[in-house]
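Comments concern the structure below.
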Amino acid sequence: MALYSEKVMDHFRNPRNVGVIENADGIGEVGNAKCGDIMKMYLKIDDDCISDVKFETFGCGSAIASSSMATELIKGRPVHEAMQLTNKAVAEALDGLPDYKMHCSVLAEEAIQSALEDYYQKHPEKRPGA
């Protein structure tokens, strides 16, 4: 049995949405000191919808694949749906990750949450329940 699924390998070899969004509405950066992976997510939000998302990841193939897949899962979606994205959903969309690499999908979830929190700090009137 292969260590990584074809989807993981595809998103590692051909990552989607790599880069920086200048004047992003939300930016989130998270890292894992244990493994050294660092993820930075940039969000562009228009009419409560994620119109664009980019990432920069310094890390292993699983971290890059998780970042890439996470961006694909939230791009074009309403903000409230992006807020509900879980690491489990990222891993499932990649057809699984080895147990010892699940922290990479957690980082992807946390990077998106961090970018959304940055957005809400900049635009408190947009926060649900505000």
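What follows draws every value from the coordinates through simple rules; no lab data is involved. Everything quoted here is computed from the prediction, not taken from an experiment. Glycine gets a Cβ as well: all are built from the backbone with ideal geometry, and neighbour counts include every protein chain shown.
The count of lysine pairs in segment 21-114 that are at least 8 places apart or cross chains, and whose C-alpha atoms lie under 19 Å apart, stands at 9.
Using helices alone, what [θ] at 222 nm do you get for the chain, with -39,500 (n - 2.57) per DSSP H run of 4 or more residues, divided over all residues and rounded to the nearest 500? Don't skip to the end; give the middle numbers.
Details: 5 runs with 55 residues, N = 130.
The helix-only estimate for the chain comes to -13000 deg cm²/dmol at 222 nm.
Counting neighbouring Cβ atoms within 10 Å and putting the fewest first, the residues 66, 51, 114 line up as 51, 114, 66.
What ranking do 57, 86 get, fewest neighbouring Cβ atoms within 10 angstrom at the top? Present the calculation step by step, with values, prior to reporting the outcome.
On the way: 57 22, 86 12.
Placing the least packed residue first, the sequence is 86, 57.
The value given for the chain is a Kirkwood hydrodynamic radius of 14.4 Å, derived from the mean inverse Cα-Cα separation.
Where the only charges are on Cβ atoms (+1 Lys, Arg; -1 Asp, Glu), what is the dipole of the chain about its Cα centre, to the nearest 20 debye? Working shown, then result.
Numbers: 14 positive and 21 negative charges, 44 e Å.
In debye, rounded to 20, the chain gives about 220.
Projecting the Cα positions of 69, 23, 58 onto the charge dipole of segment 6-123 (unit charges on Cβ atoms of Lys, Arg, Asp and Glu, taken about the Cα centre) puts 58 furthest along the positive direction. At an R0 of 30 angstrom, the distance between the Cβ atoms of residue 49 and residue 3 translates into a FRET efficiency of 0.25.
Taking the beta-carbon count within 10 Å as an exposure proxy, list 29, 110 from fewest neighbours to most. Please list the in-between numbers first.
Numbers: 29 15, 110 19.
Lowest count first: 29, 110.
Other residues within the sphere of radius under 13 Å centred on the Cβ of residue 106, judged by their own Cβ, net out at -1 (K and R +1, D and E -1).
Is any helix in the chain, taking whole DSSP H runs, at least 15 angstrom long along its axis by alpha carbon and on average at least -1.0 on the Kyte-Doolittle scale, and which ones? Write out the running numbers ahead of the final one.
On the way: long enough: 61-74 (20 Å, 0.88); 102-122 (31 Å, -0.30).
Passing helices, by number: 61-74, 102-122.
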